[in-house]
Amino acid sequence: MMAALQAAPAWAAERAFAAEESDKEGKVSKSSAVMSGEQRIEQVYLNLPEVWVYGDGFSLSEVEAGEGYLSQDKLEFVGASPFLETEEGIFYYVMLDISASIPDAYFRSAKEGIQNLQNALGEKDRLILCAFGQEVALAADGNQTVEEMEEILAGLTNKDQETLLFEGIDKVAALADQMRGQCRRQVLLVVSDGEDFATGKKMAGEALAALKDKGLPAYGVCIRGTAKENINSFGEFARTSGGFLRIFQPQEGGCVLTDMADEFQDDICVRYRASSNVVTNKEENFNFQFADDRVLSKAVMNVHWIPDEEAPYLVSGEPVGDRQIRLIFSEPMIGLAGAANYKVRLDGREVAVTGVAYDKEDETRITLTLGDAVKNGVYEVACLNLTDYSMERNSLKGSIQVEIRGVQEEEDAVPITNTININEREKFDYTGILFLILSAVVALIAVLIATDSKKRKAAAGKADGGGHGLDSHEVTKAEEKRILDVVISSKGKKSRQAFWELGRRLVVGRAVTCDVVVADIEMSRQHFILEWENGGIFVTDLGSTNGTAVNGTRILCKRRLEPGDHIEAGSGNFTIRW
């Protein structure tokens, strides 16, 4: 922590001026904002996937209860702590106006304040000093000692007839960008009267764009002895960049910078992590949403990222249905759609992949539907054309083996064959074959007679005006389709009735490709499947994000349904009757 070098400054003059300007211009200075407990984000450091936020006016508990967003993407909360506990440093870029418009008393006290800041620097802090007047010059590069800073300041005089204020800010922003990798926390302190006298040089808008591009907030340290319009425009510039304006009297110059540094040291540091290192190369908003829905925002350029040198891989696989295998990846993937992107082999034999189901909200897992029923053995699954979400688009490496045991397989029918040994042909008895042929002919005649009899009865019934007479083809057709009476209910909505036609299987989800489409954002694109099997109806979860439950119990494998059972999926409850 920085040592207190002087007694607390006299804020009376600054507060009085701030109150006066607030009444006339509707503007608020930093000092009055701090006194009123203003909550503000000082700086956002983006180096995706890392996001570091520095601010004040709020507590650690408020941060932990709130949520951070980069544009619309929710960030993962990593942790929060007082800045002092992070053991980070701060790079202070101090710009000193050396033009003749700065009165001597202010100039001397400003140099005293710079020296005091140098004296109070922590081990990881740096002070980079730029002098600007008719030129912009780097006076101290941050590696100077206390004694060297004394010599540097002694050689500076306020004699220049021009003030390249915004030209200087633009150049310092570029310098800070070069040193960005050395320190996350960087602040620009501009000691000036707010005037800019330049022709053909950078203007306020260009300087402001440079600060936003580099993520560097500017804090105006303005002398009280200047025109109010200069103070107001200087303050507006500082606030727009993300900083604030501090006004000082000559007797306060010696401690104004160290007081501001102490305020920075009192900030809270909040750490988040984005889902990937993909940048947009444009300005975005970081938004912090409190538990009571209040929001703090900070504009930041999304242009920096940490290289992703780790390739994604398959974590695990497991059966989740009679034909489904679920795969879990180490991170979200691109290119999950398309059955051709997956190669599956069972004990060396290729198995066809007929479908792929996944949820856009969780692209770390997919469910493959196979052409054959899942059997006991070792499945080897390889993925093609899949990459991670990163600037590098790392390809998925390797394959995974899924060993499946305990599946009760249906016994394969053993074909009846008559194998004749050529060497024993003369011993073969043809009596059995003739008997089989004769039996088949008799059976065919019986079927033809029965069919003709049914047709005659149906025709007679129709002639008598009675009965509806389904023929054998119609009976078979009716048995292929089962009508399910479904009552659909969800919280806060009126229940409704629907009829689902179930053949062999019925896929339910919010994707338009499903057999039954349910407009529910809490449901996965392909959420669960209903199947008719062995005279019963079964339900299987298709690897959904939020899971599927039957009568309040989450299912992990195929589950037989009874009429009236409740299937819970997404925000809906489906009561199935048949």
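Every number here is computed from the coordinates shown, using simple stated rules; none is lab data. Since the model is a prediction, treat every value here as computed from it, not as a measurement. Quick reminder, even Gly has a Cβ in these numbers, built from the backbone with ideal geometry, and neighbours come from all protein chains shown.
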query = Relative to the present Cα-Cα distance, how much length would full extension add between residue 407 and residue 233 at 0.36 nm per residue of separation?
reply = 55.0 nm
query = Can you work out the FRET efficiency for the pair residue 150 and residue 78, with r the C-beta to C-beta distance and R0 = 35 Å, to the nearest 0.05?
reply = 0.25
request  = Please give the peptides 126-134, 99-107, 83-91 ranked by average Cβ packing (other Cβ atoms within 10 Å per residue), highest first, as a rough proxy for protection.
outcome  = 126-134, 99-107, 83-91
note = Between residue 504 and residue 295, Cβ-based FRET efficiency (R0 45 Å, step 0.05) works out to 0.30
query = With r defined as the distance between the Cβ atoms of residue 311 and residue 352 and R0 fixed at 25 Å, what FRET efficiency is calculated, to the nearest 0.05?
reply = 0.35
remark   = Length gained if residue 124 through residue 562 is fully extended, taking 0.36 nm per residue and subtracting the Cα-Cα distance, is 150.8 nm
ask   = Of 111/202; 171/282; 375/397; 74/298; 212/298; 202/228, which ones are farther than 19 Å apart at the Cα?
value = 111/202; 171/282; 375/397; 202/228
inquiry  = What whole-number distance in Å separates the alpha-carbon centres of the range 271-302 and the range 125-156?
reply    = 35
request  = Multiply the residue gap between residue 362 and residue 515 by 0.36 nm, knock off their C-alpha separation, and tell me the result in nm, one decimal place.
outcome  = 52.9 nm
